[in-house]
Amino acid sequence: MSAHLAYVAASYGAALLVVAGLVSWVVLDARARRRELQALEEAGIRRRSAGGGAP
Amino acid sequence: MRERSLAIRSFTDLANPTRFVALAGRLLPWLASLTVLLFAIGLTLCFTTAADYQQGETVRIMYIHVPAAWLAMMGYTVMAASALGTLVWRHPLADVAAKCAAPIGAGFTALALVTGSLWGKPMWGTWWVWDARLTSFFILFLMYLGLIALNRAMDDAGRAAKVAAVLILVGFVNIPIIKFSVDWWNTLHQPASVLRLGGSAIDPEFRRPLLVMALAFTCLFFTLHLAAMRTEIWRRRIAAMRRQAARGAASA
C-alpha cells in the first residue's frame, strides 16, 4: 500500500462531503417548498394565472 | 400539482415556467438514475485500474480533481449563457438558471481546490502555490461566492438578476484565463493533458475512468441544476401567492 493513500482517501472523502452536501441542499429545499406550496393551495390561495384569488 | 398534464411541443415552450416544471419532473428520475449508474461504473474503474508508475496511488485523485475542475468552469459557462439570456433575450428562466448554477458551481470549485491541494502535497511537496492556474481558479471560487451573496442580498429578484448577469459576463473573462494560464505563464501546475491540440497525452488505462467520472459529474451537475431550478420556480410562485393573498386581505 502506498504511503500516499491518506491523500487519496481524503480526496474521495471530500468529494463525498461536497456531493452529499449539494444533494441534501437540493432535496431538502425542494421538499420544503413543495410542502409550502401545498399548504398555500390547501388554504385556498391560488395563483392569478391558475384562475383563483385569495379567499 | 396540475402542471404535469401540460405538453411540451417545441423548445420555446420551455420559456413557460409551468411547462418547465412539468418537464423537470419527468426528466429528473431518469437523470438521477443515469448519474448513479455512471458513478457506480466510474468508481469501480477508479479503484480497479493500475496505479501510475511515477505517481503511485495518488493518480486516483485525478479522477475526482479533473472532472470537478471541468464542471467548475462549465458551471460558470452555463451561468454566462444564462446571463446573456437574461440581458439579451429576457428569457424568464435565464436568471433562474444562473442563480441555481452558482451554489453547484461553487461546490465543484471548492472540491477541485481541495483535491488539488491534496494531490499537490505528495507530488509537488506543497499544499498551495500562488501560480497563475491556482490563483485564477481561486478567483473563480471567490466570484461564485460573490454572486451567491449578491443574489441573497437583494430582495427584488428582477433587479438582482440584471446586476448578477452583468457581473457574470464581466467575470467570464476568467474562464479562458484559467484554461490557458498553464500555456501563457510558467506554472507549477502541469499543462493540459486531456483537452489539448494533438490529442490526449494520458494513457487509455487512466483516460477511461477519467472520462466516465467526468460524464458522471456532468450528469450530477445537470440533475442538481434542474432540481434546483424547479425549486426556485416554486419559491417564486410561493412569494407571488403570498403577495396576492396579502393584497386580497388588505382590500377585503
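Brief remarks on what is shown
- Counting neighbouring Cβ atoms within 10 Å and putting the fewest first, the residues A:46, B:152 line up as B:152, A:46.
- Distance between the pseudo-spin-label points of residue A:17 and residue B:30 (7 Å out from Cα toward the beta carbon): 3.6 nm.
- Global geometry of the stretch B:167-227, whether rounded, prolate or oblate, following the gyration tensor of its Cα atoms and the 1.5 cut on a/c: oblate
- Its Cα gyration tensor gives the stretch B:97-185 an equivalent ellipsoid. The semi-axes, each the square root of 5 times an eigenvalue, are 29, 15, 9 Å from largest down.
- Order of B:79, B:143 under a 10 Å beta carbon neighbour criterion, fewest first: B:143, B:79
- Couplings 3J(HN,Hα) of the stretch B:202-217, computed from phi: 9, 4, x, 4, 8, 5, 4, x, 5, 6, 5, 5, 5, 5, 5, 5 Hz, in residue order, whole Hz [Karplus 6.51 cos²θ - 1.76 cosθ + 1.60, θ = phi - 60°; x for Gly and Pro].
- Under the Karplus curve 6.51 cos²θ - 1.76 cosθ + 1.60, θ = phi - 60°, whole-Hz ³J(HN,Hα) for the stretch B:154-170, x wherever Gly or Pro sits: 9, 6, 7, 4, x, 5, 4, 5, 5, 4, 5, 4, 5, 5, 4, 5, 5
- When the Cα gyration tensor is reduced to axis lengths a ≥ b ≥ c, the ratio a/c is 1.5 or higher for the stretch B:25-115, and with a/b not above b/c it is classed as oblate.
- Residue by residue along B:49-58, Cβ atoms of other protein chains within 10 Å of the local Cβ number 3 on average.
- Under 13 Å from residue B:179, Cα to Cα: aspartates and glutamates that are on another chain or at least 8 residues apart: none
- All-pairs Cα distance distribution in the stretch B:134-209, expressed in whole percent, bin size 5 Å: 3, 13, 18, 16, 13, 12, 10, 8, 6, 2, 0
- Annotation for the stretch B:90-162 versus the stretch B:198-252: alpha-carbon center distance of 15 Å.
- Each residue of the stretch B:53-59 was assigned a 3J(HN,Hα) from its phi angle through the Karplus curve 6.51 cos²θ - 1.76 cosθ + 1.60 (θ = phi - 60°); the sequence is 5, 9, 7, x, 5, 5, 4 Hz, with glycine and proline shown as x.
- Alpha-carbon spread of chain B, three principal axes, descending order, Å: 76, 36, 30
- For the stretch B:127-219, the list of chymotrypsin sites (Phe, Trp or Tyr not before Pro) that fall in a loop by DSSP and count at most 15 other C-beta atoms within 10 angstrom reads B:127, B:128, B:130, B:185.
Every number in this text was worked out from the coordinates using simple rules, so none of it is lab data. Quick caveat, the model's predicted, so the values are computed rather than measured. Methodologically, a virtual Cβ is constructed for each residue, glycine included, from the backbone with ideal geometry; neighbour enumeration extends over all protein chains shown.
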